[in-house]
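The structure under discussion appears below in the form of structure tokens.
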Amino acid sequence: METNEHSKWQGKSWCTLGDSISAAGGYQTLVSAALGFSTVRNEGRSGCPLTAGGDSDDGATVHIGRQMEPVYDCVTIFAGTNDFRLDKPMGRQEEKDIHTFYGAYVTLVEDILSKNPACRLNLWTPLQRDKDGYGIDSVNAQGHRLEDYVEAIQVIGARYALPVLNLYTESGFNRFTLGFLSDDRLHPNGEGFKRIAAMAIPFLKRI
């Protein structure tokens with residue numbers, strides 16, 4: 001992937017919020033090399049959902065994001081697969097309950113934008129998965145499929161006029177390709193991170 005010397009992101013800063021897929025740092029290096037970010041802050045937390053509560057509460061994206069310094073030019077939220085796996089309730093966005101997915105996501109979005117309205121906040125949906133008995137057709141203990149969390153992210157993006165990168169429907173990660181694109185049918189391998197970066201680069205170029 002060639003560096004774009006005329007990229008709008010040349011010399012800018014980027015912070016990525018999310019779970020182990022972000023924590024691995026596999027896509028950030030590729031995207032940064034192509035777009036010219038001068039600073040990349042990886043705030044991914046392995047095994048943690050976006051929603052507050054439970055054993056992984058300390059690393060919940062809603063908490064990490066609200067502790068983030070409001071200095072970044074670009075901020076990406078890439079979360080949701082652990083909320084599905086850990087049976088986080090969906091809730092309603094108007095309730096602002098950080099112990100529900102909608103409430104935590106909206107709280108985080110509003111916190112970031114109120115502190116740093118100049119940043120280009122963007123939302124990425126979870127990838128499709130097929131691990132630990134949790135695939136795209138599975139229903140968790142809250143009665144939700146992974147697709148429900150994806151749809152919630154799209155609703156929030158539309159409500160706040162934020163660009164959404166729909167990796168769930170457009171990345172090509174599915175039950176037939178997960179063996180090629182991931183290590184364990186959930187976490188991307190080198191090929192998987194290349195695929196994510198190949199989608200993220202034009203997406204970030206256009207926003």
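The values are calculated or read from the model by the stated rules, or taken from the named source; none is laboratory data. All values reported here derive from a predicted model rather than from experimental measurement. Cβ coordinates were reconstructed from backbone atoms using ideal geometry, including for glycine residues, and neighbour counts include every protein chain displayed.
Assorted remarks:
- Any hit, the range 165-183, residues being of a type in the set (Lys, Arg) and either part of a strand (DSSP E or B) or touching a helix residue (DSSP H, G or I) at 6+ places or on another chain (Cβ under 8 Å) (or both): no
- Residue in the range 134-144 that is closer than 20 Å to Cys48 by Cβ, hydroxyl-bearing (Ser, Thr, Tyr), touching a residue at least 12 places away in the same chain (Cβ under 8 Å) and touching a Gly at 6+ places or on another chain (Cβ under 6 Å) present: no
- Leading residue by the ranking (surrounded by the most Cβ atoms within 10 Å (Cβ to Cβ)) among those in the range 148-164 that are assigned to a loop (DSSP other than H, G, I, E, B) and out of contact with any strand residue (DSSP E or B) (no Cβ under 6 Å at 6 or more places or on another chain): Tyr160
- Residues of the range 131-141 satisfying the condition of being more than 19 Å from Ser182 (Cβ to Cβ) and surrounded by 17 or more Cβ atoms within 10 Å (Cβ to Cβ): Asn140
- Being in contact with a His (Cβ under 8 Å, 6 or more places away or on another chain) and assigned to a helix (DSSP H, G or I) is a property that Ile64 lacks.
- Residues located in the range 65-113, provided they are buried (at least 20 other Cβ atoms within 10 Å of the Cβ), closer than 20 Å to His187 by Cβ and of a type in the set (A, V, I, L, M): Ile77, Ala79
- If you go through the range 67-122 and pick out every residue that is more than 26 Å from Thr39 (Cα to Cα) and assigned to a loop (DSSP other than H, G, I, E, B), you end up with 12.
- Top-ranked residue of the range 1-32 - restricted to ones that are among the hydroxyl-bearing types (Ser, Thr, Tyr) and part of a loop (DSSP other than H, G, I, E, B), ranked as modelled with the highest pLDDT: Ser7
- Scope the range 33-58; condition in a helix (DSSP H, G or I) and surrounded by fewer than 18 Cβ atoms within 10 Å (Cβ to Cβ); matching residues: Ala33, Asp57, Asp58
- Filter result for the condition that a residue is surrounded by 14 or more Cβ atoms within 10 Å (Cβ to Cβ), at pLDDT 95 or above, in contact with a strand residue (DSSP E or B) (Cβ under 9 Å, 6 or more places away or on another chain) and farther than 18 Å from Ile77 by Cβ, over Leu167, Leu178: Leu178
- Set Gly44, Gly91: member being under 19 Å from Gly157 (Cβ atoms), at pLDDT 95 or above and not aromatic (Phe, Trp, Tyr): Gly91
- Residue satisfying all of: in the range 123-141; assigned to a loop (DSSP other than H, G, I, E, B) and among the hydroxyl-bearing types (Ser, Thr, Tyr); nearest to Lys8 (Cα to Cα) among these: Thr125
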